[in-house]
Structures are given as C-alpha cells and as structure tokens.
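Accompanying notes for the structure given below.
The values are calculated or read from the model by the stated rules, or taken from the named source; none is laboratory data. Since the model is a prediction, treat every value here as computed from it, not as a measurement. Note that each Cβ is placed from the backbone with ideal geometry, even for glycine, and that neighbours are counted across all protein chains shown.
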Amino acid sequence: MTMWNRRRVKPQAHSPAPGFTLLEVLVAVAIVAIALVTFMGLHLRSLDATIGAQDLTTAVLLAQAKMAAMGEFPDTGEEKGRFEGPELERFQWATAVTEQTLGALSDGGQSVTVRHLAVTVSWADGQQSRHYTLEAYGVR
C-alpha cells in the first residue's frame, strides 16, 4: 500500500494586497494640487516682474536717447510726443527745459545761465500708468 503524504493547507487570514488605498491616493493628489497652484502663482509673479523690468529698461533707454537728441543746451520750453515703432507704441515722451540765471559770485564776475532738462517717458502697464524721469543740467 502506498501512502500518500497529504498535507493539510491551513486557510490564512486575508492580507491586504500591496498598493495604495483610495484615501492615500486622494491625499497625495490634494498635496500635489496645492503645490502646483503655489508654484503657478510664483511663476506668474515672476513673469510680471520680468515684464515690468523690461518696460523700465526700455523707458530708461528711450529717455537717454531723447536726452542725447536734445543736445547740451537746448531751447527752453515743453514738448510731447510718441515714440515710433510697433513695439514702442505704449511709450510717450515729454520734455521740459527751464532756465535760471545766477548772478555773479564776485564783483566783475560773469553771471551763469543754468538750464534744467527733464525727459519723462510714460507707458501703460495694464490698468496702471507708469513713468520714468531723467534729469540733467546744462551750464553756460
């Protein structure tokens, strides 16, 4: 007689399958969503700051160019205008030249004429209006 060796298999308690529960997945998705919203806000603020810096740099360069075109001792008065070109259509300029004559410091000295030159570049930044003013003095 052959004896078969039969083993009894004991039923084991059901162990959870490896992986994540629905609650764990929802918490992870919520954390990722909050982080993404925060990073998107930072990115938008960074873009706004970059555009603002570009506009200010453009305004400074335009004011310097306008000041150089006026010469060292321009005529007194005020002028206004717009810059040419499609990329500069948001920018306007205004110049103001005022004169002040200073008396001689000593007897027999000559009087000195001083002109104050101001170039203001203004532009629209969304709902706000921004401006940059460059000032110089000419003496004769």
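Quick grid of which residues meet (1) under 22 Å from the mean Cα position of the chain (by Cα); (2) among the β-branched types (Val, Ile, Thr); (3) surrounded by 14 or more Cβ atoms within 10 Å (Cβ to Cβ):
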| residue | (1), (2), (3) |
| --- | --- |
| Leu42 | yes, no, no |
| Thr50 | yes, yes, no |
| Ala53 | yes, no, no |
| Leu56 | yes, no, yes |
| Gly85 | yes, no, no |
| Leu105 | no, no, no |
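As a summary of the residue check, Val112 satisfies the conditions (1) over 22 Å from Ala65 (Cβ atoms); (2) free of Cβ contacts under 8 Å to residues at least 60 places away in the same chain; (3) exposed (fewer than 13 other Cβ atoms within 10 Å of the Cβ) except for the one numbered (3). For the range 73-129, a residue qualifies if it is of a type in the set (Phe, Trp, Tyr) and either touching a helix residue (DSSP H, G or I) at 6+ places or on another chain (Cβ under 7 Å) or assigned to a strand (DSSP E or B) (or both), and the qualifying residues are Phe83, Phe91, Trp93, Trp123. Screening the candidates Gln92, Gln110 for the property of being in contact with a strand residue (DSSP E or B) (Cβ under 6 Å, 6 or more places away or on another chain), polar (S, T, N, Q) and either over 15 Å from Ala136 (Cβ atoms) or at pLDDT 95 or above (or both) yields one hit, Gln92. Would you call Ala49 among the hydrophobic types (A, V, I, L, M, F, W, C) and closer than 18 Å to Thr120 by Cβ? No; evaluated as a whole, the condition is false for this residue.
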